[in-house]
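Here's the structure, in structure tokens; my notes come after.
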Amino acid sequence: MSNVVLDKANFVSRVKKLYQNWKTPEYNHDDTLQKSDCIMSAVGTDEEVMYSKSTALQNWLLGYELTDTITIFTETSIYFLASKKKIEFLKQIEDIKDESNLPQVKLLVKDKNDKDKGNFETLIDVMKSSKIGKAIGVFAKDNFPGEFCESWRAALKGKDFEQIDVSSALGWIMCIKEDSEILTVKKACLVTVDVFNKYLKDHIMEIIDADKKVKHSKLSEGVEQALTDKKYVSGVDQSQLDMCYPAIIQSGGNYSLKFSAVSDKNHLHFGAIVCSLGVRYKSYCSNIVRTLLVNPSEKIQEIYNFLVNMEDELLKEMTPGKKLSDVYEKGLTYAKKEQPSLVEKLTKTFGFAMGLEFRDNSLIIGPKCTATLKKGMIFNLNIGLAGLENKNVSKDDKEGRTIALFVGDTILVNDSDTPASILTQSKKKVKNIGIFLKDDDSEEEEETETSQKSKKAPNEILESRGKRTTVLENKLRSEHSSEEKRKQHQKELAVALNEKAKERLARQSGGKEAEKVRKSTVSYKSVNQMPREPEVKDLKLYVDRKYETVIMPIFGLPVPYHISTIKNISQSIEGDYTYLRINFFHPGATMGRNEGGNYSHPDATFVKEVTYRSLNTKEPGEISAPSSNLNTAFRLIKEVQKRFKTREAEEREKEDLVKQDTLVLSQNKGNPKLKDLYIRPNIVTKRMNGSLEAHTNGFRYTSVRGDKVDILYNNIKSAFFQPCDGEMIILLHFHLKHAIMFGKKKHVDVQFYTEVGEITTDLGKHQHMHDRDDLAAEQSERELRDKLKTAFKSFCEKVESMTKQQVEFDVPFRELGFPGAPYRSTVLLQPTSGSLVNLTEWPPLVISLEDVELVHFERVQFHLRNFDMIFVFKDYNRKMAMINAIPMNMLDHVKEWLNSCDIHYSEGIQSLNWTKIMKTITDDPVGFIENGGWTFLDPESDGEGARDDDSDDEDDDAYEPTDAETEEEEDSEMSEYSEASEDEDDDSSEEMGSEEESGKDWSDLEREAAEEDRERERPGFDKHRSKHKSNHHKSSNHHSPKKSSHKSSHNESKKRSRDDSRDNHNDKLQQHVECHLNNCLYKHKTSF
């Protein structure tokens, strides 16, 4: 033991703390320590005693437990009586007498010759000389067996000492943890959570899923074995791990919400399963309590949520300076307010202090404890409800009628005004601990079977037992009922959809946003700001870069034009002259999306263009040719124009940005942090890594170059954590409420990721299955994946705990994924609890289901391989989302998922013009809802569908191209120019039809051609009538009779022969050119 190193610094600081509280205590609820003249601790050998105040004091001061050792604390010295080996170990602290204000350490070696009678006399004399020498501070409950301890007690019997129990005072002093102690407790909590989540919870779910019979005691033993398995425990020294108590598993009506309870030998009951377990690490304790609920009723879920909320309320109350009795009263008041009928069923106390001892009885969250809370205290906070009646069980299930709910965590008291933090970060909401097995289909199936059996005669029942077809019939019935139920649910959703839309539109009425008017640019506010340069006085072109203005000579006067009024400029050299042409923006001119602007006086006279001419040759005595002014002006105008457009683009980007709060940086070194992450989209062109750190109110990503990106918690709409299972990257993705700006662009989706393997593979490298290098690389990649998953998961859990579930990370359900093409390439789309996402490819797809109004499936036909899916959002002004090329065999899978999410869906065989549909809806949303809303998408509503088709035809005259137009396109390229507007309509209408739309085969076309040839050979053949007939017949192949008759009458004037069509086209082209020239002459034009 002499080789073991003792932490001298810890011993010194803690002895100081003990003696300071002995002289002037920091607490006022206990005065036993002040009444004591000395403190005595005797530790014996007893394997049955797991926790005692004496051993806790030894561990706190020395870091080790020393059996058969007596320690005496007097006013001026500390005496240790122990064996020779232990004294050798304690010699490391013998020289602390040099420290100021510290008692001297004196060591006594046990003497076997006289059975320590001389040592006992020495210690008794020392005790008598300390202060008055009459009162001894002892730990009353610590009575260790053994010859050594019994001899010491016998030696004290005859002496006139008053024994005072100082357990409460020492417990309060040791309860305030230092940073090193808190770190050890956190590691113990981490192991506790891992064992619960990775082993116990998963094991119980497997048992329930397989419907096995396993005893509570067997589960408890399995937890202890899992503590030694590296599969469940990592990051700590396993040799220093131990269970605080045997894990307690309770179910089936027999519940005892105490930590002294023992797991019985009854089988696990699939109802309310109370699990309690705690792990010790380096003698420091941790604890967690969770209740797993199998098929809980709404009432049980409500009571459980109350219990979780009550724990949150207690956490808010546990701040420094508050009395434990006041915390208890606050919790009781909350319970009386929220659930007064359950107050009597609550546990008598709400927890206790914890550390080197699992339970410190002097610091209990109860009605009688007046001790005050201090920063650094660690408590086992636990609240339970016993004897609850569960009415949602069958009559045969007697064990499930009575249940208990129990929730507990290890918590740390923080600074003032900061709620206590949970160290056992394991989710405990209903969605995390609820296990839902039976669905309504299975219940209906059971009821159907029961009713059928009751109607049968006894002999029929006996006969049916031998039939295997009964199972198949039941299976078909259940499948049929499932499909019928889904349809019924969709009908209910369709009705509710229109009602909710009507209510939403009623709330939004009159709330249209005013259009943002951009301020007009002004060159100079007054004449005094005009530059006094020689070029201006000499009536030359001058570019004022400061005010972004071009000063031009017009009619002998310098006239300023702001750079924003100039559309473009061009320069040309013809002979001896240089020409500079400047075009201006004006009403009627073709403009880009972001060019020009609204004109305050559109009826005023505008300058369209200005042309300047200058000589290229310089006269004798001139420094440069006159054209140099035009050259300089051309270059400067281009430069200023580029700078102005760049700034305008940045301002447009920032226009609708919502101002974010300022990030509050946390100085705590224990902030959740991930290093070596890449960001998408990139801050700059080159990819750089950095670190992501969680602070008080948001995240901060800092790149290696020093760039910073801040994401505030209140701006996060959805947060996702996608593990690296089946992927080459592991990532965190944030979908924001309002866009943030970095890299000079706005972004709503920000992602942080790291690679877990080689994205590319060297195909030239020789591959061999038994190559040691390859096997080692695969093993290292597996280890890296596990390490990264653990780090990312730990980061997410810490953030969720720190933000009090304000930020919750969703994990995509890969097994529910289906392929689709939201953009150009086909990707795996994965549902989460509230979204549909693809995060691996960029740009990402994030569709929040709470924003979705309905989903429509297009091109749903059995002979097609794929179908499309359209997401229509509740905000009708938002562009709908489209996912193409989803395999047809995934249709039922997608329907089932949408139905489970309570989202209405419809389907059709053709693609619709959604841009036109949404424009019609947004023009009159109230009228749209009143006329049936989305019922026109329902395939069963034929009448409405027909009406909708007719209205579409009326709106869009040239929905289908005619034969004449087709011939024109084939014969002349000029037809594309003449019929441009018609072609655009034709293209959009063709897109609305199916790509695989059925048409005539070759035999039908040959037969029609032969008939037309025979008709031409007949005398009196009318070409015009034949052409009209052919066109009418072709049109009827794709439209209803109503549509074709409408179109034939409308396109009567277009159905001519090919020559007439070409002549007509040339006439139209000539008219178009003449009209364009007249327009240009009508506009004001000034040339110089």
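Tabulated results
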read-out	value
Under 5 Å, built H, 5+ apart or other chain: amide partners of GLU841	none
Antiparallel content of DSSP bridges confined to region 817-909, in %, to 5	90
Among the listed pairs LYS35/LYS368; LYS230/LYS427; LYS546/LYS645, those beyond 20 Å (Cα-Cα)	LYS35/LYS368; LYS230/LYS427
Region 87-141 pair-distance distribution - Cα-Cα, 10 Å bins, rounded %	19, 35, 42, 4
Two-decimal ratio, region 179-435, of alpha-carbon radius of gyration to 2.2 N^0.38 Å	0.98
Region 53-196, accessible surface, carbon-and-sulfur percent (1.4 angstrom probe)	46
Amide H within-cut-off set for ILE554, under 5 Å, with H built and near neighbours excluded	VAL559
Relative contact order, percent, region 179-435 [alpha-carbon distance under 8 Å, six or more residues apart]	22
Global size of region 827-937 as Cα Rg and Dmax, reported in angstrom	14.3, 42
Length gained when the stretch ALA649-PHE436 is fully extended (0.36 nm per residue, less Cα-Cα span)	71.4 nm
Taking the convex hull of Cα positions in region 181-289, its mean projected area over all directions (nm²)	6.5
Two-decimal Rg/Rh across region 1-144, once Rg and the Kirkwood Rh are taken from alpha-carbon atoms	0.94
Centroid-to-centroid separation of region 359-415 and region 687-712 [C-alpha atoms, Å]	39
Accessible area (Å², per residue) of region 179-435, counting only protein heavy atoms and a probe of 1.4 Å	43
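The values are calculated or read from the model by the stated rules, or taken from the named source; none is laboratory data. Just so it is clear, the model here is predicted, and its values are computed rather than measured. We work out accessible area using only protein heavy atoms, side chains counted, and drop any ligands, DNA or RNA first. Shrake-Rupley method; radii C 1.70, N 1.55, O 1.52, S 1.80 Å.
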